[in-house]
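Asker: Below is a structure I'd like to ask you about.
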Amino acid sequence: MAALLGTSAASVNSALQRARSRLPALPPAPGEEVDERLLARYVEAFERYDVDALVALLREDAALPMPPFAWWLSGREAVRAVLTAAPASGPPCGGSRAVPVRACGSSAFAQYRDGRAVALMVLETAGDAVAHVTTYLDPRLFRLCGLPDEFGGAWSPTASAS
């Protein structure tokens with residue numbers, strides 16, 4: 001697409017992100033209700049950086065892209081390998097807080113680290129497992145979700161985005 005438009009892949013991905021953020025939220029189709037307990041377990045495992053628990057919640061063929069980067073993990077074992085290969089300074093997501101929100105009509109989590117906005121993670125589930133997690137490393141998206149750039153203490157959001 002970037003070549004057709006004469007621009008960069010990052011520019012195309014950015015335009016797609018902006019367009020998706022403006023789409024109206026759609027309720028889950030009948031029979032596709034979100035399993036809130038599954039999502040709560042995902043958040044809890046993410047905040048504890050419990051790799052085994054996170055991987056256990058994923059479908060075998062789960063995908064974890066991170067646009068606009070060429071980052072695309074596919075499958076539980078690829079996810080496990082990346083999450084367990086933390087640098088000497090510690091896991092990059094360790095000590096994060098994941099705040100549940102809605103984004104793009106889907107369940108999502110706003111990731112904060114040291115009280116600052118880091119990423120918006122949009123999840124798709126299939127049955128009793130997480131099938132897809134798209135991570136957007138753009139703190140500007142937080143405002144579109146009605147979320148603060150920073151927070152401290154016991155802040156509890158009630159905001160959601162379409």
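The values are calculated or read from the model by the stated rules, or taken from the named source; none is laboratory data. The structure presented is a predicted model; accordingly, all values stated were derived computationally and were not measured. Cβ sites come from the backbone with ideal geometry, for glycine too, and all protein chains shown count toward neighbours.
Asker: What are the residues in region 29-43 that are under 14 Å from the mean Cα position of the chain (by Cα) and at pLDDT below 90, if any?
Answerer: So the first thing to find is which residues in region 29-43 are under 14 Å from the mean Cα position of the chain (by Cα), and the list is 39-40, 42-43.
Answer for region 29-43, where residues must be under 14 Å from the mean Cα position of the chain (by Cα) and at pLDDT below 90: just Leu39.
Residue-wise test of (1) at pLDDT 80 or above; (2) more than 14 Å from the chain's Cα centre (by Cα); (3) under 24 Å from Ala9 (Cα atoms).
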| position | (1), (2), (3) |
| --- | --- |
| Ala45 | yes, no, no |
| Val55 | yes, yes, no |
| Pro65 | yes, no, yes |
| Trp72 | yes, no, yes |
| Gly75 | yes, yes, no |
| Val101 | yes, no, no |
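Asker: Return the residue satisfying two criteria in turn: it lies in region 128-144 and is touching a residue at least 12 places away in the same chain (Cβ under 8 Å) and not hydrophobic (A, V, I, L, M, F, W, C), and of such residues it is farthest from Arg102 (Cα to Cα).
Answerer: My answer is Asp128.
Asker: Among the hydroxyl-bearing types (Ser, Thr, Tyr) and over 19 Å from Leu38 (Cα atoms): is that true of Thr84 in this structure?
Answerer: On the way: among the hydroxyl-bearing types (Ser, Thr, Tyr): yes; over 19 Å from Leu38 (Cα atoms): yes.
Yes, satisfied.
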